Amino acid sequence: MSWQNWAQIGVLIGLIGVSAPLLGAYLARVFGGGAAPGDRIFGPLERLCYRAAGIDEHGEQTWRVYAGSLLIFSGISVAAVYLLMRLQGSLPFNPSHAVSAGPALAFNTAVSFVTNTNWQNYAGETGASHLTQMAGLAVQNFLSAAVGIAVAIALVRGLTRRKSDTIGNFWVDLVRTTVRVLLPIAIVLAIVLASQGAIQNLHGFTDAHTVAGATQSIPGGQVASQEAIKELGTNGGGFYNANSAHPFENPTALTNLLEIWALLLIPFSLAFAFGRLVGNRRQGWAIFAAMFFLWIGSVGVATHYEVAGNPRVQAIGAVGSNMEGKEVRFGAPASALFAVSTTDTSTGAVDSAHDSFTPLGGGALLANMMLGEVSPGGTGSGLYGMLVFAILTVFIAGLMVGRTPEYLGKKVQALEMKLIVLYLLAVPLVILGLAGASVVLPGPRSALLNHGSHGLTEMVYAFTSSANNNGSAFAGIGANTTWFNTTLAIAMLAGRFLLMILVLALAGALARKQTVPESAGTFPTATPLFAGLLVAVVVVVVLLTYAPVLALGPILEHLSL
Amino acid sequence: MRRQLVPALVVFLFFTLLVGVVYPLAVTGVARIAFPSKSQGSLVRRGGVVVGSRLIGQTFGGPRYFQSRPSAAGTGYDGAASGASNLGPSSPVLLADVRTRIAAYRRLNGLAASTPVPVDAVTASGSGLDSEISPANARLQAPRVARARGVPLTQVLALVRENTHGRSLGFLGEPGVNVLELNLALDSP
């Protein structure tokens, strides 16, 4: 590692350290219920939407109605993307002549973008029309991110309200997030990316006559606008097959850093917004610290192994870092930084081929997702996931000293713990069940490109990525089959909506409670000790669940290199 | 639940229009005016003909040209099929490929069998469209290019230096040499 490589990480941390608290303060105003900056600009646009849709801006919803609104809205979104994919071949604005997708692929893609996963079983160059990219996929990049943030804010309301039946209004949360947070930042970011060479045009392929006398098809598309929200909304669906490794999506090392910053920004900011909304900023710092610690630890592991390189390749005479699947302009350090950040958030954009990472470098990426996307996680899903772990942590701490646990003055009782245990068990059951079946069944197993322990990692990675709504892949797996299109879609739906319903139920249960005053026996949750305990709980829960498969996959491969 | 259906539909259509049509078209308009070349793909023309994009790599034949990295995009640098090999670090296929490429690289450049080869020269990139090679890779190819063209090595090395970019802002990413621009510079009289 050169000093420049260290500076790259340092500057990213500095950018996050400055921007996340600022955006967090802004988010707290946006969702705090009072006047917010920019009311005069955004207000009219929002009221136009409310009036057209017949939404009472001040109407409140119980958790059941909130969840119902969310599910109906997401159902419409799935249907719309499905239809666009099925019909794109016959619809206008298709200069690259993408053909219509079959039912399984269209369903997988629709679910993938609506659940904020953005797993891609199609190649963007030829598998999605410009119409689908703009009016289908880009729209979901905004809306799925906004839905995640809405649920996180609803949970925070559950923690702050007393004896309340309601947890906010889904429509208002959705509209305000999109109009006041996502759209303004995306516009600025898109233009910055375009200034560096990310393309933005309406045409299809341009034929180039290469120096060697061949013809090369150079693609077109609305890449900068898609790229901006793809990172900002922790979506990760590439305009092209190579995703952020593609020079048109991520042309320079500067855009690479900006994209990493953009995908970390909102998840980290929400920790600070949380602290302000609960009226104790130190609570936000504790959550942020736990998220940050897990992220930076993983950066260390992956960077170390990618820079050290592949010993087998070095043994036969090629000197340098692990460059299989990596771009020269980024190199191993910037690729590892991107890869860790994209798997620690639920983004799943890739600027390098994760499948070709070293065993422990790639294993770190897999483990990041197994944490349940809380470090800092997806837009919204990261905060609500970490708050679930925080409540589990006070529960465990309460068991140790024999007191009724409480978090932010809310007693944690049987109902809450049932919901939390369901939350923590659902995703591992889906991952291990479906991945296990796919490894055993001969048909699905033949989809693997790599074999042995790496093949097992490839399979487990696919379901871990889907069920945690990440979307990155060990992309050697040939997953565009009916089996994988269907099972991966089931994993994505469970990892998204089952968990959201549980979180909203938890929000409803917490909102109904009275707040108990802090006493000498209250376990303080705004301290470094709590942040440390929280990290330990996250890691232990994950290890207890996934240690065997991690041992048989990445660790075994590492030992055999 | 039916009471939620109308707001759901209207909000969905509202945002499809706002962020699915207005937003990308507005960015397209701004980019077209502000970055006329970059927004169209940084196309490189020679004698009025598009020969490629400065951001997209291509295959170059023969010893007279600097060679790009191996590519997993289609049959190599296919602009319509970007992608990586996705071969794992312990894959026998990867190791066989790298072994073959190392031998071919040494043969082409007249290097001794013990010469270490820069890793980027024998591995495929993530996009399959990497437009760059490492400076070390370019320097190893330079003597062969100079011999094949019958020009002094110093002249070729000077062109390599001219077409090498440092790290972004001096500390981001890694230095690289743009192969298309370098080869075009070699061809230009």
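The values are calculated or read from the model by the stated rules, or taken from the named source; none is laboratory data. All of these numbers come straight from a predicted model, not from anything done at the bench. Counting neighbours? That spans all protein chains shown, and the Cβs are built from the backbone with ideal geometry, glycine included. These area figures cover heavy atoms from the full protein model, side chains too; ligands, DNA and RNA do not enter into them. Shrake-Rupley method; radii C 1.70, N 1.55, O 1.52, S 1.80 Å.
Observations on the structure shown:
- Test: residue in region B:92-103 that is more than 19 Å from the chain's Cα centre (by Cα), among the charged types (D, E, K, R) and surrounded by fewer than 23 Cβ atoms within 10 Å (Cβ to Cβ): yes
- Note on region A:75-93: residues that are within 25 Å of A:Gly168 (Cβ to Cβ) and buried (at least 23 other Cβ atoms within 10 Å of the Cβ) amount to 1.
- Region B:82-189 holds helices (runs of 4 or more DSSP H) entirely within its bounds, and those carrying 2 or more residues that are assigned by TED's automatic domain parsing to the domain that holds B:Pro63 and among the basic types (Lys, Arg) map to B:92-109, B:135-149.
- Test: residue in region A:189-196 that is within 23 Å of A:Glu327 (Cα to Cα) and of a type outside the set (A, V, I, L, M): yes
Residue by residue, here is whether (1) aromatic (Phe, Trp, Tyr); (2) touching a strand residue (DSSP E or B) at 6+ places or on another chain (Cβ under 7 Å) holds:
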residue	(1), (2)
A:Gly508	no, yes
A:Gln514	no, no
A:Phe523	yes, no
A:Thr527	no, no
A:Phe530	yes, no
A:Val537	no, no
A:Val541	no, no
A:Pro548	no, no
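- Members of region A:192-225 found to be over 24 Å from B:Gly61 (Cβ atoms), of a type outside the set (Val, Ile, Thr) and open to solvent by 10 Å² or more (accessible area, probe 1.4 Å), listed by number: A:Ser195, A:Gln196, A:Leu202, A:His203
- Tally, over region B:40-60, of residues that are open to solvent by 60 Å² or more (accessible area, probe 1.4 Å), part of a loop (DSSP other than H, G, I, E, B) and either more than 7 Å from every other protein chain (Cβ to nearest Cβ) or among the acidic types (Asp, Glu) (or both): 3
- Residue match in region A:41-64 (condition: touching a Leu at 6+ places or on another chain (Cβ under 6 Å), part of a helix (DSSP H, G or I) and buried (at least 20 other Cβ atoms within 10 Å of the Cβ)): yes
Yes or no, residue by residue, for (1) touching a strand residue (DSSP E or B) at 6+ places or on another chain (Cβ under 6 Å); (2) facing another protein chain (nearest Cβ under 7 Å); (3) of a type in the set (Gly, Ala, Ser):
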| site | (1), (2), (3) |
| --- | --- |
| B:Gln4 | no, yes, no |
| B:Phe15 | no, yes, no |
| B:Gly29 | no, no, yes |
| B:Lys38 | no, yes, no |
| B:Gly62 | no, no, yes |
| B:Gln67 | no, no, no |
| B:Ala80 | yes, yes, yes |
| B:Ser85 | no, yes, yes |
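- Qualifying residue in region A:436-446 (condition: open to solvent by less than 20 Å² (accessible area, probe 1.4 Å) and over 20 Å from A:Met369 (Cα atoms)): yes
- Residue within region A:261-282 that is assigned to a loop (DSSP other than H, G, I, E, B), without any contact (Cβ under 8 Å) to a residue 40 or more places away in the chain and not basic (Lys, Arg) present: no
- Residue within region A:444-458 that is among the acidic types (Asp, Glu) and within 14 Å of chain B (Cβ to nearest Cβ) present: yes
- Evaluated against (1) surrounded by fewer than 13 Cβ atoms within 10 Å (Cβ to Cβ); (2) not in a helix (DSSP H, G or I), B:Gly29 falls short on exactly one condition, (2).
- Taking region B:161-176 as the range and being polar (S, T, N, Q) and within 7 Å of chain A (Cβ to nearest Cβ) as the test, only B:Ser168 passes.
- Selection within region A:94-121 - open to solvent by 10 Å² or more (accessible area, probe 1.4 Å) and within 12 Å of chain B (Cβ to nearest Cβ): A:Ser96, A:His97, A:Gln120
- All positions within region A:431-453 that are assigned to a helix (DSSP H, G or I) and in contact with a Phe, Trp or Tyr (Cβ under 7 Å, 6 or more places away or on another chain): A:Ile431, A:Leu434, A:Ala435, A:Gly443, A:Pro444
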